[in-house]
Each structure stands twice: as C-alpha cells, then as structure tokens.
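Worksheet for the structure shown next.
The values are calculated or read from the model by the stated rules, or taken from the named source; none is laboratory data. Everything numeric here is computed off the predicted structure, so don't read it as measured data. With ideal geometry, Cβ positions are generated from the backbone for all residues, glycine too; neighbour counts draw on all protein chains shown. Heads up: the accessible areas ignore ligands, DNA and RNA and are worked out on the full protein's heavy atoms, side chains in. Shrake-Rupley method; radii C 1.70, N 1.55, O 1.52, S 1.80 Å.
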Amino acid sequence: MCLFCKIVNKEIPSNIEMENENFLAFHDINPKAPIHILVIPKKHVDSFNEVSPETMAEMTTFIQEVVALVGIKESGYRLISNVGHNGGQEVNHLHWHVVGGAKLTFPHLVDANPQDFF
Ligand code: 5GP
Ligand code: ZN
C-alpha cells in the first residue's frame, strides 16, 4: 500500500484540513509556503496520467472548497501536480499541491538555461 493510501486509512497520521467520502486534504509535512496542502483522491490513482475526467471534475469542486476554507481564494494560490520522473513526483498517488498564504515566486524549473534546449 502506498504512503498516501496509508494516510487515507489513518495508518499514518496527518494534519487533515478537510475530508469527504472521496477526497482528503491534509497539510504537507514539509511546507514550501505558509499554506501547503495536499489534496488526494481516497481511491488510489497513480498520477494525473491515469485520473478520469469524472474524478477530476469532483476533485475540482473539492479543491475549490479547500481553498475557500483556508482563506486563500481571493489572495491567490498555486495548484501543482508533479507527474512522473521529469515532473519530480515522489509519491505515486495523485496529489494536488495547494500552495499560498504569501506572494509566491516563480523559480526556474530546470537547472540549465531553458534556451539551451533549443
Ligand atoms: P511530490 O514530490 O510527489 O509532488 O510531493 C510529495 C509531497 O508529499 C512532498 O511535498 C512531501 O513533503 C509530502 N510528504 C511526503 N511524505 C509525507 C507524509 O508522510 N506526510 C505528509 N503530510 N506529507 C508528506
Ligand atoms: Zn495510494
């Protein structure tokens, strides 16, 4: 069973912000911003590559509710889902990072100069 499935099953404790029948929102253990919440489907899905449009539609509503609950709807935030090796995905259970609570930077996403790839 994967790490986030264990969090869903409460085998591993987490700081839960919001929960319904199908989704869970909990605080990232290593926050990269004042607010850093992970939103996951309770049913295991490896990544965004495999998620159904129906699950994403429901997840969209859930994420919007989380964003409103933690008070960052108006101030703004960023949604990130890392996918696979190049995306830097470390936990192979679909998750959306919801980050906010401060003005976010937009760092370089590759170590090399992006122009060098062309
Ligand atoms: P990824 O790199 O796969 O997009 O993101 C995985 C995230 O899960 C990381 O931001 C990491 O800090 C977080 N994380 C890893 N293990 C745990 C854990 O046991 N509990 C919580 N709450 N977050 C975790
Ligand atoms: Zn899982």
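Tabulated results
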{"item": "Qualifying residue in segment 51-67 (condition: touching a residue at least 24 places away in the same chain (Cβ under 8 Å), surrounded by 12 or more Cβ atoms within 10 Å (Cβ to Cβ), more than 13 Å from ligand 1 (Cβ to nearest atom) and not in a helix (DSSP H, G or I))", "result": "yes"}
{"item": "Evaluation of Gly71 against (1) open to solvent by 60 Å² or more (accessible area, probe 1.4 Å); (2) farther than 13 Å from Trp96 by Cβ; (3) away from ligand 1 (no atom under 11 Å from the Cβ) (one fails), failing number", "result": "(1)"}
{"item": "Selection from segment 1-50 of residues that are free of Cβ contacts under 8 Å to residues at least 24 places away in the same chain, within 10 Å of ligand 1 (Cβ to nearest atom) and charged (D, E, K, R)", "result": "Lys6"}
{"item": "Members of segment 18-32 found to be buried (at least 16 other Cβ atoms within 10 Å of the Cβ) and over 13 Å from the mean Cα position of the chain (by Cα), listed by number", "result": "Met18"}
{"item": "Selection status of His93, assigned to a loop (DSSP other than H, G, I, E, B), under 12 Å from the mean Cα position of the chain (by Cα), surrounded by 12 or more Cβ atoms within 10 Å (Cβ to Cβ) and on the phi < 0 side of the Ramachandran plot", "result": "yes"}
{"item": "Neighbours by Cβ (under 6 Å, 6+ apart or cross-chain): first from segment 77-103, more than 14 Å from Val66 (Cβ to Cβ); second near ligand 1 (Cβ under 8 Å from one of its atoms) and open to solvent by 70 Å² or more (accessible area, probe 1.4 Å)", "result": "Val91/Leu3"}
{"item": "In segment 80-107, the residues that are more than 16 Å from ligand 2 (Cβ to nearest atom) and aromatic (Phe, Trp, Tyr)", "result": "Phe106"}
